[in-house]
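Asks: Before we start, here is the structure in question, set down as structure tokens.
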Amino acid sequence: MHVVVIFGWKEETPDLVRSLADALGITVFESRQRMVGGGPAVVGHFADPQGAMAAAVKLDERGIKTLVLDAAVCGSAGHFVVRRFELAGESLRVVSRDGRSVVIPYDEITLLISGMRIRGSAETRTVTERKLSLGKTLLSGGIPMTKKVSHQEEMTTEVREKLLYLYSADRVPAVFSQDGITFNGLGPALKPSREQNFAHLITELRRLSPNAVYDDRLLTLVSQIRLLGPAQNPETNLDLGAAILAKCLRHS
């Protein structure tokens, strides 16, 4: 699937809203909803690249900046998933889950994008409890009697996973997961909890990387939906959201 992204507008003017509506064949109301928040925003999904490029050309002709991305190549398969790290003197050393090692000079880190993957799950459980049985109570001469009653209950849970996407020159993105990395690399600065350690890691990387732009728009579900649009599930497309932000920030 290929997505068309709009970005870079300074003000949501009536002319710009109408231009987007005309180019996409949607209503002005739908167009305005796509532009809420200042972008970037996914405005089209196409099975083939030709359809995506044709839509992008229409938008470009109306003065709207666009990007076309292949969603299939923006997933985790193209990432360096970090398991261990070391904050060395002039460089960051990261080790992947399969044992590969990469050294990244701090001055080559260009982008740090924080995100939150929110996963929901539902589970049906059988709950058994005892309730007063009027029939048994009458038969016992008024002595309160109970019976077992079972019913099904659906239990929903939500798991939140903080991520950090690190982009550097000529390398695939390195992805840190709060629940998937070890924090021994913090040394004496090690904190009592994973959440504290992850926050400290981000703070240190921002401090040590003078050329890096930091963006935290993917930390909230509202911002994820604004960026990805209603057709994309943020739970499974956070990597795409990070790729979109990275490309737009580099083109800004």
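Asks: Specify the inter-centroid distance of the stretch 140-194 and the stretch 1-75, based on alpha-carbon positions, in whole Å.
Replies: The stretch 140-194 and the stretch 1-75 have Cα centres spaced 35 Å from each other.
Asks: Right, here's the next one. Where Lys and Arg each count +1 and Asp and Glu each count -1, what net charge lies around Val175 among other residues with Cβ under 13 Å from its Cβ?
Replies: Numbers: positive: Arg83, Arg97, Arg117, Lys162, Arg171; negative: Glu161, Asp179, Asp239.
Net of charged neighbours comes to +2.
Asks: Can you compute the equivalent ellipsoid semi-axes for the chain, i.e. the square root of 5 times each eigenvalue of the Cα gyration tensor, sorted largest first and rounded to whole Å?
Replies: On the way: eigenvalues 388, 203, 44 Å².
The equivalent ellipsoid of the chain has semi-axes of 44, 32, 15 Å.
Asks: So how strong a dipole does the chain carry about its Cα centre when Lys and Arg Cβ are +1 and Asp and Glu Cβ are -1, to the nearest 20 debye? All intermediate terms of the calculation are to be shown ahead of the outcome.
Replies: Numbers: 31 positive and 28 negative charges, 200 e Å.
Rounded to the nearest 20 debye, it is 960 debye.
Asks: Compute the distance in nm between two label points, each set 7 Å from the Cα along the Cα-to-Cβ direction, one at Lys136 and one at Glu12.
Replies: Roughly 6.1 nm, to one decimal.
Asks: Here is a follow-up. Take Ser140, Ser114, Ser133 and order them by how many other Cβ atoms sit within 10 Å, fewest up front.
Replies: Details: Ser140 11, Ser114 19, Ser133 16.
Ordered from fewest to most neighbouring Cβ atoms within 10 Å, Ser140, Ser114, Ser133 come out as Ser140, Ser133, Ser114.
Asks: Using amide H atoms built in the peptide plane, which far-off residues or other-chain residues are under 5 Å from Lys65 H to H?
Replies: Placed amide hydrogens put Phe7 under 5 Å from Lys65.
Asks: Where does each of Ser209, Ser177 land when they are ranked from fewest to most other beta-carbon atoms within 10 angstrom? Let's see the in-between values first.
Replies: Numbers: Ser209 22, Ser177 16.
Lowest to highest Cβ neighbour count: Ser177, Ser209.
Asks: Could you put Thr128, Thr110, Thr220, Thr66 in order, starting from the residue whose Cβ has the fewest other Cβ atoms within 10 Å?
Replies: Numbers: Thr128 8, Thr110 17, Thr220 14, Thr66 21.
Least to most surrounded, the residues fall as Thr128, Thr220, Thr110, Thr66.
Asks: For the stretch 39-92, run through the trypsin sites (Lys or Arg not before Pro) and keep only the ones in DSSP coil with at most 16 other Cβ atoms within 10 Å of their Cβ. It would help to have the intermediate numbers written out before the result.
Replies: On the way: sites: Lys58, Arg62, Lys65, Arg83, Arg84; in loops: Arg62.
For trypsin sites (Lys or Arg not before Pro) across the stretch 39-92 that sit outside H, G, I, E and B with at most 16 neighbouring Cβ atoms in 10 Å, the list reads Arg62.
Asks: If the label point is 7 Å along Cα→Cβ of Glu90, which residues in the stretch 185-223 have backbone nitrogen under 18 Å from it?
Replies: 208-212
Asks: Given the convex hull of the Cα atoms of the stretch 211-252, what is a quarter of its surface area in nm²? Show your work: numbers first, answer last.
Replies: On the way: hull surface 12.3 nm².
The orientation-averaged projected area of the Cα hull of the stretch 211-252 comes to 3.1 nm².
Asks: For the chain, what does -39500 (n - 2.57) per DSSP helix run (n ≥ 4), summed and divided by total residues, give at 222 nm, in deg cm²/dmol to the nearest 500? Kindly include the intermediate steps, with their values, before the conclusion.
Replies: Details: 7 runs with 79 residues, N = 252.
Mean residue ellipticity at 222 nm (helix-derived): -9500 deg cm²/dmol.
Asks: Ok, one more. Projecting each Cα onto the charge dipole of the chain (Lys/Arg +1, Asp/Glu -1 at the beta carbon, about the Cα centre), which of Ile118, Pro173, Gly89 comes out farthest on the positive side?
Replies: Looking along the dipole axis, the top candidate is Ile118.
Asks: Please work out the Cα convex hull volume for the stretch 18-99 and give it in Å³ per residue. Walk me through the numbers on the way to the answer.
Replies: Details: hull volume 13.1 nm³, N = 82.
Residue-normalised Cα hull volume stands at 160 Å³.
Only the coordinates and a few stated rules stand behind these numbers; no lab work does. Computed from a predicted model, the values in this text were never measured in an experiment. No Cβ is skipped: glycine too gets one built from the backbone with ideal geometry, and neighbour counts run over all protein chains shown.
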